[in-house]
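So the structure is just underneath, and the comments pick up after that.
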Amino acid sequence: MVDLTFRMIDRMAERVASSVSFSFPGQPEEVLPDHIDHAGLNIRVPFCAFRCTYCALPGERFSAKSADHFVSALNKEIELYAARYERAKIERIYLSGGTPSLLYESIGGIVDEVKKHFEFKGPVSMEASPVDLDDHVLDGLRSGGVNQLSIGIQTFNEEILSRYLNRKVTQADLIETLKRVRESKFDYINIDLMFSLPFQTKESLLHDLEIAVSTGVDGISTYPLMLLPYTPLASKILLNQNRAQKAHISSLHGFSQNPATEMDQYLLILSFLRQHGYQIRTIWSFSKAPEKYEGPYEHSNFIGMGPRAWGMLGNRFTLNMPSVLPYADAIAGGKFPIFAFSAVRDYPLARFARKLYHGKITVDEIEMINEQDQGIKRYLLMMKLLGLIKRKRDYYELTDKALAYGSCATKKIASATLIKINEVFASFDQPKTMTFSPTA
């Protein structure tokens, strides 16, 4: 039987995903808008302590020399953007990675540089690996101005961590780390968990959620595993499947993702976290205080800084140079280090989808977007007829059914975009960014 709802949502996701098509600018500054009133900063730290097998955009090997080179170039990039957008208000700083906590001694200087050149008032959020967060690092982050932390736990299941995610860490270690982080008095603590992992059952997922809730963190983000074709995990799973087929072994020795199973897992997450006081912040993120936190790419306008960073200003999607050396060279020449960009072609639909990612959209927002694309209200009507959206006073809210389908749609859009980004970076004539493979 054909699932008409899935077909409609899938086609919508396909339209949004196909709206992004990267090209290479002649003059990088030409792709930037002349003026912005406000923005967030997404500063990408390009170094990794080890490579996660599922990572879509792995970083470079960390060294003190490379880190100094990066920080010096980043400070100059901040100056470049400040000169262009001197009146812009920076509403938040998000340090993504890579592993930003590797630069815990430099974070304060980076934040001070932003304050020196922009009007900045807002949170400083940072991603962190749980294996890095000893008392010394936490003290360095707090004194450097970081007040929100997002920690990549992924799962508390030790077998999945070691066998599939290349992480040699115990459940007890992870719980102890989260206790230590809470004692450090950050304003907001988020953790990332993954679902649709190899051989993850409803029972093991529920166990992850129970532990996560018991730690008392403010937010829990849950992401489905994206088996991108160029990642080590995808290669490993494909190799195991081929071996199983040749040996005529039971399919239990292989692994494949099923949308129906993934939606069941998502609905389990949704139900469990609601019961424990977590509200929907986005389709994939739940919070006890949704208004206090934003993920790295959620701000309405954000400038991408650092190698491999991406930004979104208006309908312009920008990608920075793929590694430290060409990034620093471009900045030394007085140029914005933008390597590629895309004008989002189907921008009204992309805006509509982006609003729905947060679980609701106001009536005024629909009217404004519909002025640019009269088809938006047709999508809204179809969603009403299919039981995907309900009117609540001055806004529309996604139903649980819509949230589950929306998770699949978001995964399709994100996967397609990440593959395109990887293809763009692969076109750059440089060595691979991560050739070593030590475990955590």
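Coordinate-derived values only; no laboratory data. Given the structure is predicted, the values throughout are model-derived calculations rather than measurements. Cβ coordinates were reconstructed from backbone atoms using ideal geometry, including for glycine residues, and neighbour counts include every protein chain displayed.
Once every DSSP H run of n ≥ 4 in the chain is given -39500 (n - 2.57) and the sum is divided by its residues, what mean residue ellipticity at 222 nm do you get, rounded to the nearest 500 deg cm²/dmol?
Result for the chain, helices only: -13500 deg cm²/dmol.
Find how much the distance from GLN257 to ARG7 grows on full extension, using 0.36 nm per residue of separation minus their present alpha carbon separation; answer in nm with one decimal.
88.2 nm
ASP34 label point, 7 Å along Cα→Cβ, cut-off 14 Å on backbone N: hits in segment 77-106?
Those under the cut-off are 85.
Past the 23 Å Cα-Cα mark, which pairs from LYS360/LYS411; LYS168/LYS420; LYS202/LYS355; LYS179/LYS202?
Values: LYS360/LYS411 18 Å; LYS168/LYS420 31 Å; LYS202/LYS355 29 Å; LYS179/LYS202 26 Å.
Result: LYS168/LYS420; LYS202/LYS355; LYS179/LYS202 exceed 23 Å.
For ARG391 and LYS115 in one chain, what is 0.36 nm times their gap in residues minus the Cα-Cα distance, to one decimal in nm?
95.2 nm
Which percent, nearest 5, of DSSP beta bridges in the chain are antiparallel?
40
Where does the chain land on Rg(C-alpha)/(2.2 N^0.38 Å)?
Numbers: Rg = 21.4 Å, N = 440, 2.2 N^0.38 = 22.2 Å.
For the chain, the normalised Cα radius of gyration comes out at 0.96.
Can you sort LYS288, LYS335 by how many other beta carbons sit within 10 Å, fewest first?
So the ranking, lowest neighbour count to highest, is LYS335, LYS288.
Taking H placed 1.01 Å from N in the peptide plane, check which residues at least 5 places from TYR223 or on another chain put their amide H under 5 Å from its amide H.
Distant-sequence amide H within range of TYR223: LEU193, MET194, PHE195.
May I ask for the net charge around LYS89, where only other residues with Cβ less than 10 Å from the Cβ of LYS89 are counted and Lys, Arg are +1 while Asp, Glu are -1?
Result for the local shell: -1.
Rank THR399, SER221, GLY304 by how far each Cα sits towards the positive end of the charge dipole of the chain (+1 on Lys, Arg Cβ; -1 on Asp, Glu Cβ) and give me just the farthest.
About the Cα centre, the residue reaching furthest to the positive side is THR399.
Hey, what do the phi angles of segment 160-170 turn into as Karplus ³J(HN,Hα) couplings, whole Hz, using 6.51/-1.76/1.60 and θ = phi - 60°, x for Gly and Pro?
Per residue, the Karplus-derived 3J(HN,Hα) values read 5, 4, 7, 6, 10, 9, 6, 10, 9, 9, 9 Hz.
Quick one: which of LYS185/LYS390; LYS292/LYS412; LYS89/LYS335 span more than 31 angstrom between C-alpha atoms?
With Cα atoms farther than 31 Å apart: LYS185/LYS390.
Can you tell which of LEU233, VAL114, ILE90 lies farthest toward the positive end of the dipole of the chain, using +1 and -1 charges on the Cβ of basic and acidic side chains (Lys, Arg; Asp, Glu)?
Ranked along the dipole, the leading option is LEU233.
Length gain on complete extension for the stretch LEU206 to LEU267, per 0.36 nm per residue less the alpha carbon to alpha carbon distance?
Once the chain is fully extended between LEU206 and LEU267, it gains 20.8 nm.
Within the set of other residues whose C-beta is less than 10 Å from the C-beta of GLU158, count the net charge using Lys and Arg as +1 and Asp and Glu as -1.
Values: positive: ARG163, ARG167, LYS168; negative: GLU159, ASP173.
Result for the local shell: +1.
Which percent of Cα pairs goes in each bin when the distances of segment 66-149 are cut into 5 angstrom slices starting at zero?
Going out from 0 Å in 5 Å bins, segment 66-149 shows 3, 14, 25, 25, 19, 10, 3, 1 percent.
Report the residue, chosen from SER214, SER101, SER125, that carries the largest GNM mean-square fluctuation when the chain is represented by alpha-carbon nodes joined by springs under 10 Å.
Result: SER214 has the largest fluctuation of those listed.
Just to be sure I understand: with springs between alpha-carbon atoms less than 10 Å apart, which residue in GLY304, GLY97, GLY375 has the highest mean-square fluctuation in the Gaussian network model of the chain?
Most flexible of the set in this elastic network: GLY375.
Among residues other than TYR293 whose Cβ falls under 15 Å from its Cβ, what is the net charge (Lys/Arg +1, Asp/Glu -1)?
Net local charge, TYR293 excluded: -4.
In the Gaussian network model of the chain, springs joining C-alpha atoms below 10 Å, which of PRO290, PRO307, PRO337 carries the largest mean-square fluctuation?
Comparing PRO290, PRO307, PRO337 in a Gaussian network model of the chain, the most mobile one is PRO290.
Taking the Cα centre of segment 28-345 as origin, work out the dipole magnitude from +1 charges on Lys and Arg Cβ and -1 charges on Asp and Glu Cβ, in debye rounded to 20.
That gives segment 28-345 a dipole magnitude of about 600 debye.
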